[in-house]
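Before any comments, here is the structure.
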Amino acid sequence: MDADSDVALDILITNVVCVFRTRCHLNLRKIALEGANVIYKRDVGKVLMKLRKPRITATIWSSGRVMCTGATSEEEAKFGARRLARSLQKLGFQVIFTDFKVVNVLAVCNMPFEIRLPEFTKNNRPHASYEPELHPAVCYRIKTLRATLQIFSTGSITVTGPNVKAVASAVEQIYPFVFESRK
Amino acid sequence: MPGGRVCAACGCSEIEVDAARGDAVCTGCGSVLEDNIIVSEVQFVENSGGGSSAVGQFVSLDGAGKTPTLGGGFHANLGKESRAQTLQNGKRQIHHLGNQLQLNQHCLDTAFNFFKMAVSKHLTRGRKMTHVIAACLYLVCRTEGTPHMLLDLSDLLQVNVYVLGKTFLLLARELCINAPAIDPCLYIPRFAHMLEFGDKNHEVSMTALRLLQRMKRDWMHTGRRPSGLCGAALLVAARMHDFRRTVKEVIRVVKVCESTLRKRLTEFEDTPTSQLTIDEFMKIDLEEECDPPSFTAGQKKLKIQQLEKALSKKLEDFEGEISSYQDEIEIELENSRPKAKGVFANFTKDDPIDDSTSSILGEEEAEDEELEAAANHLNKDFYNELHEKDRAKTDEDGKCKNGNEALVRPPALESLLGPLPTAASLGITESIKECISTKDREPGENTGDGELDLSGIDDSEIDRYILNETEAQIKAELWMKENADYLKEQKEKEARIAKEKELGIYKEHKPKKSAKKREPIQASTAGEAIEKMLEQKKISSKINYNVLRDLNSKGSNTPKKEDDSTDDSTNTKKLSRRKSIASRNIANPVNSVGKRLRPLISTQLAKKAATEEAIFPSTQAEAPDLQKPAAVLVESGPVAYNPDEEVEEEEIEDDDDHCMSALQLMGGNDYGCDMDDDDGY
């Protein structure tokens, strides 16, 4: 889990997506009218509420399911979700905070060297796929961790995974392979 | 002929195989082991001319099932099973597309094989057939190394490249085929040909290739579309050989944007190779390699950032000095200011001015809407006061004004964090205590009780988010304006539905519920079948089950055919009730007229319904009569008359009487009803 074992790499978490349930039906119209920081999308049936303190955007459905995006750490995501539930409570709904789950974590990492993408693809055949016509990065999927890495030729790597641990271990796993194909 | 096998029933090995009948029968117990044995003999038939030809037909490898009829054949796909149809369809489309791309037969066959693999892995489900076919073709192009781009395919099909790319990637992954990476060098001959260099085509191509290799070494090609690089290389190569090819012409051939081409050219310009003359370039190869252009751009960014940091540090130093002067001036002014009394006393503190006002404001807003108006009024006075003070100060202007402006809007968060309103003032002491205590009880477990853990949550900020009435109204108006179109549509839709309802035409488009599939009842006797079916069905209290059961037992006395038909008919809908009704009602008409029966019967049924009210003799006497016609006529009844019967069912069941009388009405006991009549229905 410790990504800084032998390599001093900075892994920056840029986005954490989480979901939770309020176990009660929410009246979107009411939220839209009384909230100062909400956008009501009636055609798709959801309300976007943006919080300032942990900078997050929450999508609220009338069934009571809420999705929060934009947090920079797992704790922050939880904090923001709780705040959101609190504000819904204030608006008058019988909110119960249940089923909190972090769904997706997006992180960015920079290698101190460039990477030869065609070579890298050849060495990592089934996991890596590279289509320069479509996207300039190599898409490397780790099935065991359910993580996807996008490796650019400049050495910058974007990782998405189900939680922060998976992301960290994905970077650790990929480091030796990328090191082989460095410039 | 001993079959060399052992009979499954009795275990004896004496099995007789009869080629003529195509059977394999055990001579011990007589059980048939095989039926319709396939024989691989060739038979010959004599032609009119005297020669002989083999009997048989050619069957295609892919096709299965019945061969198409000789006479018909309007639709080649008619009668084949779905899989064969799909494959044939796919083959046709592959050939169609492949010819447009000028692929040779071998490629097309390989593509078809890919397609077959895809179909067997169910990859065509949920995807447009055209996409899958395009992906198969592109896969072939990649593996064979033909100079076809995904862009070409998307041009032909008018489909988004990325959509095709997605399908292609999926296909390659599922089929575990590793498509070799694209080499831009592959495209050079093709583009060169399209640019029409005439005799010098080959030379220009070679120069362009060299350029490309140089670009590769200079790290310009990773992560870039190969077509862009080709375009740049060809442009330069053309100029080197005195061909005037404009950027526009090259773009049309290569299919990239003008800016992309220019960018590649500028990147190439930055490499040291660009400084060589033409002759030098053809002879010498520079040893050093360049960094990729995006890398150098990144380095530039880093440098700029560092510069900015250094600058800002210096700025901070200066700012420190300025702020110290500001403080001194402030203190001086403070001392010379007149003291305000009353409510505004606490307002005259220096730095926490913003904090205290906001906190007080917060409290008021949270507690009472009426107070809000008063607070606003008070605030206005306060602002005026502050403004006057502002003008007296010099550097404080910006800072305080901003603070004031922030007050009018929801205050800045930092200032709020100072003096927080207490739970008591907000009136939510109890709820908070509850939440905190539950948290203590189960630390870190939220899913259990679902209580909201309030630690660290600033309620005041959340309060900001709740608008008051006027604000809500304004917002509602704004939203209405914004979404006017959508609301209009909804209204029109509703109006339409209302109109239709009035006219009675309104059809509610409910999502189609697939019909419930019932398992076919498997029973050894008709009686069992009826019983099982009765269990399955919603049973009416109006049926006399005993009669039904007796019906069937009586029916078993009659010829076998009827039994079969009763079995069959038990499996059709609502038979048991039908049986009695149908048999009762339709007994005689069946016997009489042929085609006119149907209308006749419907009228009879109508008559019967009409005569419901009439009183008829007891059922008991009819029961035995019932059985006979029932037994005899069961087969014909339900088949023809189910739809009509549906409606009449309930009423009919009530009164066995009617039926009997109807039967009597129809007159006669023609029990020897012809089996032939069945065929008509």
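Here, each number is a calculation from the coordinates, and none is a lab measurement. Since we're looking at a predicted model, the values are computed, not measured. Cβ coordinates were reconstructed from backbone atoms using ideal geometry, including for glycine residues, and neighbour counts include every protein chain displayed.
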Approximate spin-label separation B:Q105-B:I38, in nm, with each point projected 7 Å along Cα-to-Cβ: 2.9
Taking a crude spin-label model, label points 7 Å out from Cα along the C-beta direction, the B:V59 to B:E249 distance in nm is 6.0
If you count, for each residue, the other Cβ atoms within 10 Å and average over each peptide, how do B:231-242, B:265-276 line up from highest to lowest? B:231-242, B:265-276
Cα-Cα over 19 Å: which of A:K50/B:K488; B:K91/B:K116; A:K41/B:K491? A:K50/B:K488
Pick from A:L91, A:L134, A:L12: which residue has the top mean-square fluctuation in a GNM of chain A where Cα pairs under 10 Å get a spring? A:L134
For a footprinting-style exposure proxy, rank A:I56, B:I38, A:I13 by other Cβ within 10 Å, fewest first. B:I38, A:I13, A:I56
Per residue of B:42-48, how many C-beta atoms from partner chains lie within 10 Å of its own C-beta, taken as a mean? 0
When a/c reaches 1.5 or more, the comparison of a/b and b/c decides; with that in mind, is segment B:202-299 rounded, prolate or oblate per its Cα gyration tensor? oblate
Quick one: angle between helix A:164-180 and the longest Cα principal axis of chain A, in degrees between 0 and 90, rounded to 10, please. 20
Cα-centre dipole for segment A:16-103 with unit charges at Cβ (Lys and Arg positive, Asp and Glu negative), debye to 20: 200
Among A:T59, A:V102, A:G70, whose Cα sits farthest toward the positive end of the charge dipole of segment A:16-103 (+1 at Cβ of Lys/Arg, -1 at Cβ of Asp/Glu, about the Cα centre)? A:T59
What is the spin-label model distance, in nm, from B:D183 to A:E75 if the labels are put 7 Å beyond Cα along the C-beta direction? 5.5
Counting partner chain Cβ atoms within 10 Å of every residue's Cβ in A:84-97, what's the average? 4
Per-residue average of other protein chain Cβ atoms inside 10 Å, peptide A:33-46 -> 4
When you count, for each residue, the other Cβ atoms within 10 Å and take the mean per peptide, how do B:207-217, B:179-189 rank with the highest first? B:207-217, B:179-189
